[in-house]
Amino acid sequence: MRVLGFLLVTIGVLFGLYLLMIVVGLSIAPADLKGEKQSYIIGHRFGTIVAIVLLAAVDFLLIWLGKRLIRKAKNIG
């Protein structure tokens, strides 16, 4: 159970770094949407922000669950 906890925490940290790279990539590459309608740009950015927030919540849950499993394994053994 402890190994699974460490695995979940590691996956959560790596996933968090991946989300950070996505945020940085979106903030430095606005030229991809050049020439699109304003409503499309707003919808695209809003959808991206919502997706990042949801994925960050899943990342938080992965780390939380991993730490919980590690603590539970320490209390048992």
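The values are calculated or read from the model by the stated rules, or taken from the named source; none is laboratory data. Worth saying up front: this structure is predicted, and the values here are computed from it rather than measured. Virtual Cβ from ideal backbone geometry, glycine too; neighbours counted across all protein chains shown. When the accessible area is computed, the model is the full protein with side chains, heavy atoms only, and any ligands, DNA or RNA have been set aside. Shrake-Rupley method; radii C 1.70, N 1.55, O 1.52, S 1.80 Å.
List of remarks:
- Cβ-Cβ distances below 7 Å connect the following pairs, each with a first residue in the range 8-27 that is part of a helix (DSSP H, G or I) and open to solvent by less than 70 Å² (accessible area, probe 1.4 Å), a second residue that is modelled with pLDDT of 90 or more and not hydrophobic (A, V, I, L, M, F, W, C), and a separation of six or more residues or different chains: L8/G66; V9/G66; V9/K67; G12/D59; G12/G66; F15/D59; G16/D59; L19/D59.
- Failed item in (1) within 13 Å of the chain's Cα centre (by Cα); (2) farther than 25 Å from V58 by Cβ; (3) of a type in the set (G, A, S), with G16 passing the rest: (2)
- Hits in the range 58-77 - residues which are among the aliphatic types (A, V, I, L, M) and open to solvent by less than 70 Å² (accessible area, probe 1.4 Å): L62, I63, L69, I70, A73
- Of the residues making up the range 39-57, those that are modelled with pLDDT of 85 or more and either farther than 16 Å from V24 by Cα or exposed (fewer than 13 other Cβ atoms within 10 Å of the Cβ) (or both) are S39, G43, F46, G47, I49, V50, A51, V53, L54, A57.
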